[in-house]
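The values are calculated or read from the model by the stated rules, or taken from the named source; none is laboratory data. Owing to the predicted nature of the structure, the values given are computational and were not obtained by experimental measurement. All Cβ positions, even for glycine, are placed from backbone atoms using ideal geometry, and neighbour counts span all protein chains on display.
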Ligand SMILES: [Zn+2]
């Protein structure tokens, strides 16, 4: 099964792949754009979370379309990178941090695949008579005129486009293409009577984290073995007061895109590991005002070593069963 690499700011593409082709993936949450290729016999999918034009701001990224697309392509494991500000004085630009926890301060993003009112969840095998959507502002079809309900909300067919961001920017899907009935359940689980609350004790896959640590050691690449990612809404940078708060709360790095991506991957039953590249000192730590340009310059200098790590880890990856794949299946 293919492995995915999600890149962000400062990462234009995966180099060194063979048999490279760009593809557009339609999902019920919108459209995603990926580049597929091979690396030493391993099938890889590269997804730039900011879209093919690299211009979708963090709070407008269609995270659900991105993760749903990877799921549809059969991806089982995701290596994701984020450009971050460092919250420690001695974490210099270029520092690589293997994430193990996050703090979520986002405000306006769809954060789950399971956002339907429970009465709308379908029973497995039922069909047709879906009630009206209660999310009328979401731009989707208010009611279904089509076919049977689907159990898997990641299935392309079957649910209305309910993601406001799916109608905007390069990540946006065509609302008219998103039709169908309200989906319920998940991955063949059939109707669910209860809200879905997934476990986040270990939000980043422990198996992928071990793999990355081992590979980094073999490569003699410095990788801080754990870090707490504080996700802010953006697109503005943080105030010095916010940075002080994040440090007090245990944050190690601060960025704008790591959440809900990691959560959605877990909901979709995929292993996900995140490595952050410190591109600058956070506000109040840096002596100078923050600029996007310094982030880009730091990424240009330091991203290649992280991509080498991801490629080596992809080569060493064993596509074996993992608890991440069963989060929703456990009682
Ligand atoms: Zn896993």
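Tally up the residues in the stretch 45-80 that are within 16 Å of the ligand (Cβ to nearest atom) and either assigned to a helix (DSSP H, G or I) or closer than 22 Å to residue 15 by Cβ (or both), please.
8
Checking the condition surrounded by fewer than 19 Cβ atoms within 10 Å (Cβ to Cβ) and either within 16 Å of the ligand (Cβ to nearest atom) or not in a helix (DSSP H, G or I) (or both), which residue from 258, 250 passes?
Answer to the selection: 250.
Right, residue 280: buried (at least 19 other Cβ atoms within 10 Å of the Cβ), away from the ligand (no atom under 13 Å from the Cβ) and farther than 23 Å from residue 206 by Cβ or not?
yes
Of everything in the stretch 275-286, what is in a loop (DSSP other than H, G, I, E, B) and touching a strand residue (DSSP E or B) at 6+ places or on another chain (Cβ under 8 Å)? Give them in sequence order.
Listed by number, the residues that qualify are 282, 285.
Looking at the structure I just gave you, is residue 88 surrounded by fewer than 22 Cβ atoms within 10 Å (Cβ to Cβ) and under 16 Å from the mean Cα position of the chain (by Cα)?
Spelling it out, it is not the case that residue 88 is surrounded by fewer than 22 Cβ atoms within 10 Å (Cβ to Cβ) and under 16 Å from the mean Cα position of the chain (by Cα).
Given the criteria within 14 Å of the ligand (Cβ to nearest atom), part of a helix (DSSP H, G or I) and at pLDDT 90 or above, does residue 325 qualify?
The answer is yes for residue 325.
Identify the residue in the stretch 42-82 that is over 13 Å from the mean Cα position of the chain (by Cα) and free of Cβ contacts under 8 Å to residues at least 60 places away in the same chain and, among all such residues, is farthest from residue 96 (Cα to Cα).
43
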